[in-house]
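Report on one structure; see the data block that follows.
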Number of protein chains: 2
Amino acid sequence: MILIASTIKDVARYTGLSIATISKFINGGSVKEVNRQRIEEAIRALDFKVNEMARGLKTNKTATIGVLIPSLENIFVTSIVSKVESLLLDYGYSTIVCDYRTDRELENQKFDFLMSKSVDGIILVPHAIDANKIKEALDRDIPVILIDRAMKGVECDVVLVDNLNAAYNAVEHLFMKGHRRVGIICGPQDIYTAQERLKGYIRVHEDYQLEIDQDLIRYGDYEIQSGMTLMNYFLEMKNPPTAVFVTNYEMTLGAVMALNSSNVSVPDQLSLIGFDNIQLANVIKPRLSIVVQPMQQIGEYAANLLLRRMKGDKGGFPAMLRLKTEIVEGESVKVINSYV
Amino acid sequence: MILIASTIKDVARYTGLSIATISKFINGGSVKEVNRQRIEEAIRALDFKVNEMARGLKTNKTATIGVLIPSLENIFVTSIVSKVESLLLDYGYSTIVCDYRTDRELENQKFDFLMSKSVDGIILVPHAIDANKIKEALDRDIPVILIDRAMKGVECDVVLVDNLNAAYNAVEHLFMKGHRRVGIICGPQDIYTAQERLKGYIRVHEDYQLEIDQDLIRYGDYEIQSGMTLMNYFLEMKNPPTAVFVTNYEMTLGAVMALNSSNVSVPDQLSLIGFDNIQLANVIKPRLSIVVQPMQQIGEYAANLLLRRMKGDKGGFPAMLRLKTEIVEGESVKVINSYV
DNA sequence: CCTCTGTCACAAAACGTTTAACTTACCAAT
DNA sequence: ATTGGTAAGTTAAACGTTTTGTGACAGAGG
């Protein structure tokens, strides 16, 4: 047996009222008490549900928002998505999630796809998307919220963490324990977050009036393999750093793998500060000190900002919400010399 | 400036053809070569995109499928979702992802939500959902594919791994290396996968004619904390096992954390086989031997089956696709006695 | 008793497609 | 020359809502 959904017409017939009245009721308009009851009964009896397609056709709203992310297998990102999804659901929005597997082509393509689905808003963790696409969405009155990375070439709301000071604090933390030669494994030079983190590294050196050994700055690609390679590079230096700061999760994994297959002991011979995944940090021996980002909060801010924009509130556009990271101390940093 | 999207009418006007012809063309019907060119030009010039809402209203299809999962922060699940999403996108479907945070209430609620969005199909990693809900979806001709767990009380397609033999093989692997006292950290007794894994543990003991010490069977809740607690239980036994098999990822994390804070060395004093996350396995020292599930494949099978069902092909319903796991050897299992 | 005001209900048009039924044009076969 | 068939195009209805403009009615104020 195949069920067939009932429509507003059926409800109208059942109650003897007109379609318009039913529609009014559904959308919170006021109807006579006696009618209210009959409508409610009819809806229950007929198991009526609004047809969102028909509604969407009229209102030009889909009650759907699009989320476009680099990867669904990145816990940093999915935590945020999870929060966003649940918050928006409370307001009746459903969330279409697309990942673009860090592929430039796919990123543009899936953005178009979301637009073609006429979502009411977009949350995007951008990588290499064409700024014009975002402009176009904005012109079509589809709000876009960027997460984690600001973009040049377009005015757009963005929620991110203070990456500069995240790095600043992590390296300062090492300074406080007496380290002076600190290596950094950076992300790609063309990625905003990576640039910011490197800036923090440089600025803290300036503030402490320490000269920077350029050999201690290494650029990776945010993937496991490069974390491994670059950590090995540090291990084989004639004059190696006493501590290394790794600037994202995947490269932290790689760095730990490199250390495991060497016979260098952490933190005795080398101290380490990683990034992003607290679960990982706790399961490694010795427990890893890491920089954690407030993922819940990022999701929350992004979702709320998007809701405001979708309501038409353009206040403070373009907004930049900049959240703070935190250092969770493990046992991977040696105290050479305590200054506190 | 706010752009306003052009419609099929505009294209008709631009080309001088009728709406119906344009529609036919869009949907792959054949038109005269000269008209084809004009239509294509018009579409380009007007930047025409089909309005999916209007189309959906007519066809009663949304080109949208729903995915309902226990958590977006579970890499096992998100890997599958990622695969599903990309496969279905190739066929023009978009994917609405909902997680229910292992909450029974939320699970039922979000299932309803997906139904109210009139998705064309649903992929569900079920936990405690009401079987009637699934029946109702099926009655409405919305195909549902279960992942990872079969369900009683309703006939439904399901894609899962052979959990029984996964456990069988893992424990047999330990037997082959000479272990005879093997502890198991199981999942909740009311969860299908957990039951299956325990059955495998029991069956392999039967096949090897080894008696089972009930103290070596411990039930957790698939969360980190219980992995920790139960591993500590094993460590404190008077007559501890020589090896432990942990049956999911989170509890594996917990078990490793427990081992790290004890002074028991792996694999010398205790051998360990974990579950599910190969990245984790490689980053732990010593590298962990684990059971890995073919997540890509699961996603692939589920997506393809769903596509078939959505096309109306009911062949072999209800299908049960049962995939095989694999053991990835690390260095966490000691050879007491090699039989090979 | 008349008019004004406010509340509620209604009819009908519109949103942008698809599709069934129909027309036309052309060509081949009788 | 007539018939039949096929391919391409057209017209108009339908999908299930929202919304605009009206009208009906009741009670208040004069």
Worksheet item: What is the local net charge at residue A:332, summed over the other residues whose Cβ is closer than 10 Å to its Cβ (Lys, Arg +1; Asp, Glu -1)?
Response: +1
Worksheet, complete the sentence: Long-range amide H partners of residue A:67, meaning residues 5 or more apart or on another chain whose placed amide H is closer than 5 Å, are A:96, A:97, A:98, A:123
Worksheet item: What are the ³J(HN,Hα) values, in whole Hz, obtained from phi via the Karplus relation 6.51 cos²θ - 1.76 cosθ + 1.60 with θ = phi - 60°, for each residue of region A:279-292 in sequence order, with x given for Gly and Pro?
Response: 4, 4, 4, 7, 9, 8, 10, x, 3, 8, 7, 9, 9, 10
Worksheet item: With +1 on each Lys and Arg Cβ and -1 on each Asp and Glu Cβ, how big is the dipole of region A:8-50 about its Cα centre, in debye rounded to the nearest 20?
Response: 100
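Just tell me how shielded A:79-92 is by partners: mean number of partner chain Cβ atoms within 10 Å of each residue's Cβ, no decimals. The partial results should precede the final answer.
Numbers: counts 2, 1, 5, 8, 1, 1, 6, 7, 0, 0, 5, 0, 0, 2.
Taking all residues of A:79-92 together, the mean is 3.
Report the GluC sites (Glu not before Pro) located in region A:235-328 that are in a DSSP loop and have at most 11 other Cβ atoms inside 10 Å of their Cβ, or state none. Intermediate values should be presented prior to the final figure.
Values: sites: A:236, A:250, A:300, A:326; in loops: A:236.
Listed in order of number, the matching sites are A:236.
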Item to complete: Can you sort B:228, B:53 by 1.4 Å-probe accessible area, starting with the largest?
Response: B:228, B:53
Worksheet item: Which chain A residue puts its Cβ closest to the axis that rotates A onto B, and at what distance in whole Å?
Response: A:97, 2
Discussion item. Taking the Cα centre as origin and putting +1 on Lys and Arg beta-carbons and -1 on Asp and Glu beta-carbons, what dipole magnitude results for region B:163-292, to the nearest 20 debye?
Written reply: 380
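In peptide B:66-78, how many Cβ atoms from other protein chains are near each Cβ within 10 Å, on average? Could the numbers behind the result be given before it?
Values: counts 1, 1, 0, 0, 0, 2, 13, 7, 2, 5, 0, 2, 11.
Per-residue shielding by partner chains comes out at 3.
May I ask what percent, to the nearest 5, of DSSP beta bridges between residues of chain B are antiparallel? If you can, show how the numbers build up before the last one.
Working: 3 of 36 bridges.
Here the share of antiparallel DSSP bridges comes out near 10 percent.
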Worksheet item: How much accessible area does residue A:308 have with a 1.4 Å probe, in Å² rounded to the nearest 10?
Response: 90
Worksheet, complete the sentence: With x for Gly and Pro, the residue-by-residue ³J(HN,Hα) of region B:109-125, computed from phi through the Karplus equation 6.51 cos²θ - 1.76 cosθ + 1.60 at θ = phi - 60° and given in whole Hz, is 4, 6, 5, 4, 4, 4, 4, 5, 7, 6, 5, 8, x, 9, 10, 10, 9
Fill in: Estimated inter-spin distance, residue B:225 and residue B:327, nm [label 7 Å along Cα→Cβ]
3.3
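With +1 assigned to the C-beta of every Lys and Arg and -1 to the C-beta of every Asp and Glu, and no other charges, what is the dipole magnitude of chain A about the Cα centre in debye, to the nearest 20?
Numbers: 38 positive and 42 negative charges, 251 e Å.
Its charge dipole is roughly 1200 debye.
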Fill in: Neighbour cut-off at most 10 other Cβ (10 Å), DSSP loop, GluC sites (Glu not before Pro), region A:147-227
A:211
Worksheet item: Between copies, how far does the label point of residue B:16 sit from its twins, in nm, shortest first, when each point is 7 Å from Cα along Cα→Cβ?
Response: 5.8
Discussion item. Run through region A:166-213 and list the chymotrypsin sites (Phe, Trp or Tyr not before Pro) located in a DSSP loop whose Cβ has at most 14 other Cβ atoms within 10 Å.
Written reply: A:208
Worksheet item: In whole angstrom, how far apart do the alpha carbon centroids of region B:194-229 and region A:296-340 sit?
Response: 42
Discussion item. Given a 1.4 angstrom probe, what's the average accessible area per residue across region A:177-303, in square angstrom?
Written reply: 40
Response to the item:
In degrees rounded to 10, the 0-90 angle between helix B:33-46 Cα long axis and the longest Cα principal axis of chain B is 70
Response to the item:
Using alpha carbon centers only, region A:152-189 is separated from region A:67-100 by a whole-angstrom value of 25
Discussion item. Please compute the contact order of chain B in relative form: average sequence separation of alpha-carbon pairs under 8 Å and at least six residues apart, divided by the residue count, as a percent.
Written reply: 16
Worksheet item: Going by alpha carbons, how many degrees (0 to 90, nearest 10) lie between the helix axis of A:75-89 and the longest principal axis of chain A?
Response: 20
Worksheet item: Between residue B:105 and residue B:335, what length in nm is gained on full extension when 0.36 nm per residue of separation is reduced by their alpha carbon distance?
Response: 78.1 nm
Practice prompt. Tell me which residues come under 5 Å, amide H to amide H, from residue B:244 once H is placed; ignore anything under 5 positions away on its chain.
Written response: B:183, B:271, B:272, B:273
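From the cross-link list A:61/A:133; A:49/B:117; B:285/B:334; A:110/B:117; B:58/B:117, which pairs have alpha carbons spaced over 18 Å apart? Please list the in-between numbers first.
Working: A:61/A:133 20 Å; A:49/B:117 10 Å; B:285/B:334 14 Å; A:110/B:117 21 Å; B:58/B:117 15 Å.
With Cα atoms farther than 18 Å apart: A:61/A:133; A:110/B:117.
For B:249, B:233, what's the largest-to-smallest order of accessible area, 1.4 Å probe?
Values: B:249 30, B:233 75 Å².
These residues rank, largest area first, as B:233, B:249.
Based on DSSP, what percent of beta bridges with both residues in the protein assembly as shown are antiparallel, to the nearest 5?
Working: 7 of 73 bridges.
That works out to approximately 10 percent antiparallel.
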Practice prompt. Note the angle between two axes, namely the Cα long axis of helix B:224-235 and the longest principal axis of the Cα atoms of chain B, as a number of degrees from 0 to 90, rounded to the nearest 10.
Written response: 20
Practice prompt. Excluding residues on the same chain fewer than 8 positions from residue A:311, give the aspartates and glutamates whose Cα lies under 13 Å from its Cα.
Written response: A:120, A:141
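Strictly greater than 15 Å: what percent of every Cα pair in region B:247-340 meets that?
Working: 2938 of 4371 pairs.
Summing the P(r) of region B:247-340 above 15 Å gives 67 percent of all pairs.
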Item to complete: Compute the label-point distances linking residue A:73 to its equivalents in the other copies; points lie 7 Å from Cα along Cα→Cβ; give nm, one decimal, shortest first.
Response: 2.1
Discussion item. Taking residue A:32 in one copy and the same position in all the others, each labelled 7 Å out along Cα→Cβ, what are the pairwise distances from the first, in nm, shortest first?
Written reply: 6.0
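The values are calculated or read from the model by the stated rules, or taken from the named source; none is laboratory data. Here the structure is a predicted model, which is why all the values come from computation and not from measurement. Reconstructed Cβ throughout: ideal geometry from the backbone, glycine too, with neighbour counts over all protein chains shown. The protein model used for the area step is the full one, side chains on, heavy atoms only, and it has no ligands, DNA or RNA in it. Shrake-Rupley method; radii C 1.70, N 1.55, O 1.52, S 1.80 Å.
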